[in-house]
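The values are calculated or read from the model by the stated rules, or taken from the named source; none is laboratory data. Model, not experiment: these values are computed from the prediction. Positions of Cβ are backbone-derived with ideal geometry, glycine not excepted, and every protein chain shown enters the neighbour counts. Just the protein is used for accessible areas: all its heavy atoms, side chains included, with ligands, DNA and RNA removed. Shrake-Rupley method; radii C 1.70, N 1.55, O 1.52, S 1.80 Å.
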Amino acid sequence: MCGIVGYLGKNEKKEILLDGLQELEYRGYDSAGIAVIEGDKLNNFKAIGKLENLREKTKAYHTEGFGISIGHTRWATHGKPTELNAHPHLGAYSYVVHNGIIENYQELKTELQADGVNFLSQTDTETIVHLFEKEHKSSDSVFAAFEKTLSKLDGAYATLLITEADPDTIYFAKHGSPMLVGFNGDDVYFASSDTPIIGKATEVYYLEDGEYGYAKEGVLKLFDANGEKSFTKQALTADKVSAQKEGYRFFMEKEIYEQSSVMGDTMMGRVLDDTINFEELDKDFFENIYAIKICACGTSYHSALASSYLFERIGKMRCDVEIASEFRYKEPFLTEKTLFITISQSGETADTLEALKMAKRAGMRTLSICNVDNSSIVRESDAAILTRAGIEKGVASTKAFATQSMVLWMLALYVGQTKNTISQELIKNEIDAMIHTPKALIVTDKLHEKVHRLSKRYLHGHGFFFIGRDIFFPLALEGALKLKEISYMHAEGYPAGEMKHGPIALADSELFTIALMPKSMHYDKIKSNVEELSARDATICAISPLPFDLADDFIQTNYDSHPMLEYFEMMVVTQLLALEISVRLGNDVDMPRNLAKSVTVE
Ligand code: F6R
């Protein structure tokens, strides 16, 4: 959730760091900082808020010749977003940047304070640099001190350290948080994901957990618990996937509009005339598998929940879904006959990754559905299906959710097909519907304009209930999450049939109900649930292909033949509604407060 970059070489370091941090800014943007050592010149800048503040502050600063440098963009975990808490953290003569959490930092800090060390920040990170300088006093070399420091850290981290005691070397370590090293001639780059170094480095090595070492001009030394090790670099694409806004006001808006086209990529080579094909899965991948357990967080959890209906109804296989952070500590009963699926846009979500590791330890077969190739979750899984949504920059996830939902729908069908539990006719019907999905995702001017006009009536009130049944219940949860993330208004998703068991007590004209009323699934049931709310004077915004007299606002959808097509079309409506409400409220749609794109801490 924070972002790290590092660079060692002769090029202009400030620009490389700031450009790299720009690519990572969506991961955390409460402060940013850089530190550069050139010979005996050491410079350090920090600024709170967005990266442009750091750019402004470093306007007059330029680097020259060979040097080493590190940078960081922060999402606060320990301590408030202040300049003192921003990275890089300074010791007496060293700087450190860090992603993740040092779990035993309090213990270490107390020891260091007892030795007379003065801490400037409230962060766990600062412990690393002081611990290093303490170890340095009694070590033969900087590297030995770095190794001793690492051996004392508990938790998950990726870290870079530079020190005046060795001014031409960057020290690095990865343990549970992502980090990679890029190479171009003698230049060495570090980053917490590959976007900052695309177009700069030509080759890359993705560090594994437990690896650490140091880089000098043209040299990288890599170690793990067994000592020095060799490694193989991979070619890094130079084709920077342009994630510019392309005329849209926000990345989120662009990503909503993109859903129709990326869905084609998601299906390519997988949805065939009368069969579903996953090259990623061995023929016997589902052999001896009789149930599915899915773990995920946030939006990815919602796509998982929707898929549990599909795995049971279409795939004829039992499917449980759990929030990863809950799963981790419940001492779950796991069996080898259950396939363990993780779903993640980033592939770096700490809770999901840890849940996956638990499943592996229990001997389960694992599959990940992920948007980022080479991410930690992908690398950790037995098999991975990429969602192919392209880079998602808006913090509020949209196209990742859409493509996850599609992959899971295909997978449910694939399970039924592989296990021979469903008819060819059903497969054909589902495939026919799948092929229409890109169309159902098209955002027309008429729809966007309608949602824009209607959004002005939803800027107040005491809350929103998004309601739906079956797969439209997880969609309601997701609609509510989108709205609360970027509008900061209270919103809840609820199964429509549950409202009468308590929440209906909240109903009055200032309670806004967004009712998902598909024609092809339980229409009469949801209709009577909405009628109950209307009778209590709740304000109803109905989304349905069928006109609904009791609606205060009505958004008519087009698809009514297949629940998944209705699902995708209604998904777009809820995304646009959240977007337009947030814009009217003047919020930063792409970087909503308190959030970060990738949550690599527990
Ligand atoms: C919401 C959102 C988050 C993520 C969650 C899991 O818009 O983006 O709820 O879905 O943090 O992230 P991933 O999918 O990267 O594991």
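A few remarks follow.
- Taking the criterion of being of a type in the set (Gly, Ala, Ser), assigned to a loop (DSSP other than H, G, I, E, B) and out of contact with any Leu (no Cβ under 9 Å at 6 or more places or on another chain), the residues of segment 92-123 that qualify are Ala92, Gly116.
- Any hit, segment 324-336, residues being away from the ligand (no atom under 12 Å from the Cβ) and within 19 Å of Leu386 (Cβ to Cβ): no
- Single residue of segment 158-184 satisfying the filter (open to solvent by 10 Å² or more (accessible area, probe 1.4 Å) and modelled with pLDDT under 95) that is nearest to the chain's Cα centre (by Cα): Gly176
- Within segment 430-451, not a single residue is of a type outside the set (A, V, I, L, M, F, W, C) and within 16 Å of the ligand (Cβ to nearest atom).
- When we screen Tyr205, Tyr248 for residues that are in contact (Cβ under 8 Å) with a residue 12 or more places away in the chain and either aliphatic (A, V, I, L, M) or open to solvent by 20 Å² or more (accessible area, probe 1.4 Å) (or both), the only hit is Tyr205.
- Test: residue in segment 6-27 that is of a type outside the set (S, T, N, Q), without any contact (Cβ under 8 Å) to a residue 40 or more places away in the chain and farther than 30 Å from Val589 by Cβ: no
- Sole exception among (1) aliphatic (A, V, I, L, M); (2) part of a strand (DSSP E or B); (3) free of Cβ contacts under 8 Å to residues at least 12 places away in the same chain for Ala32, by number: (3)
- Failed item, numbered, when Ile292 is tested on (1) away from the ligand (no atom under 16 Å from the Cβ); (2) open to solvent by 30 Å² or more (accessible area, probe 1.4 Å); (3) touching a helix residue (DSSP H, G or I) at 6+ places or on another chain (Cβ under 9 Å): (2)
- Spans of strands (runs of 3 or more DSSP E) in segment 438-548 with at least 3 residues over 27 Å from the mean Cα position of the chain (by Cα): 511-516, 539-544
- For the residues Leu54, Leu112, Leu8, Leu18, the requirement of being at pLDDT 95 or above and under 26 Å from Gln345 (Cβ atoms) singles out Leu18.
For (1) among the basic types (Lys, Arg); (2) surrounded by fewer than 16 Cβ atoms within 10 Å (Cβ to Cβ); (3) in the same structural domain as Tyr301 (by TED's automatic domain parsing), each residue gets a yes or a no:
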{"site": "Leu367", "(1), (2), (3)": "no, no, yes"}
{"site": "Val378", "(1), (2), (3)": "no, no, yes"}
{"site": "Gln404", "(1), (2), (3)": "no, no, yes"}
{"site": "Val415", "(1), (2), (3)": "no, no, yes"}
{"site": "Leu459", "(1), (2), (3)": "no, yes, no"}
{"site": "Ile471", "(1), (2), (3)": "no, no, no"}
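- Sub-6 Å Cβ pairs linking a first residue in segment 185-196 that is open to solvent by 30 Å² or more (accessible area, probe 1.4 Å) to a second residue that is modelled with pLDDT under 95 and assigned to a loop (DSSP other than H, G, I, E, B), at least 6 apart or interchain, are Asp186/Glu217; Asp186/Gly218, ordered by first then second residue.
- Among the residues of segment 29-50, at least one is open to solvent by less than 30 Å² (accessible area, probe 1.4 Å) and polar (S, T, N, Q).
One line per residue, one yes/no per condition, for (1) crowded, with 16+ Cβ neighbours inside 10 Å; (2) without any contact (Cβ under 8 Å) to a residue 40 or more places away in the chain; (3) out of contact with any helix residue (DSSP H, G or I) (no Cβ under 6 Å at 6 or more places or on another chain):
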{"residue": "Arg74", "(1), (2), (3)": "yes, no, yes"}
{"residue": "Lys80", "(1), (2), (3)": "no, no, yes"}
{"residue": "His89", "(1), (2), (3)": "yes, no, no"}
{"residue": "His98", "(1), (2), (3)": "yes, no, no"}
{"residue": "Leu108", "(1), (2), (3)": "yes, no, no"}
{"residue": "Gln113", "(1), (2), (3)": "no, yes, yes"}
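- Of note, Lys357 does not satisfy the criterion of being of a type outside the set (A, V, I, L, M), more than 16 Å from the ligand (Cβ to nearest atom) and in the same structural domain as Ala402 (by TED's automatic domain parsing).
- Figure legend. Inter-residue proximity from segment 494-510: first residues hydroxyl-bearing (Ser, Thr, Tyr), second residues surrounded by fewer than 16 Cβ atoms within 10 Å (Cβ to Cβ), beta-carbon distance below 8 Å, spacing 6+ or different chains. Indicated pairs: Ser509/Asp537.
- For segment 380-402, a tally of residues being open to solvent by 30 Å² or more (accessible area, probe 1.4 Å), farther than 28 Å from Asn587 by Cα and within 14 Å of the ligand (Cβ to nearest atom) returns 2.
- For Glu392, the stated conditions do not hold, so it cannot be described as of a type in the set (D, E, K, R), under 14 Å from Phe340 (Cα atoms) and assigned by TED's automatic domain parsing to the domain that holds Glu280.
- Counted residues, segment 550-590 - those being outside any helix (DSSP H, G or I) and open to solvent by less than 40 Å² (accessible area, probe 1.4 Å): 8
- The set of residues from segment 473-498 being more than 16 Å from the ligand (Cβ to nearest atom) and buried (at least 20 other Cβ atoms within 10 Å of the Cβ) comprises Phe473, Tyr494, Ala496.
- In the set (1) closer than 26 Å to Asp470 by Cβ; (2) within 16 Å of the ligand (Cβ to nearest atom); (3) touching a strand residue (DSSP E or B) at 6+ places or on another chain (Cβ under 6 Å), Gly347 fails one condition alone, (1).
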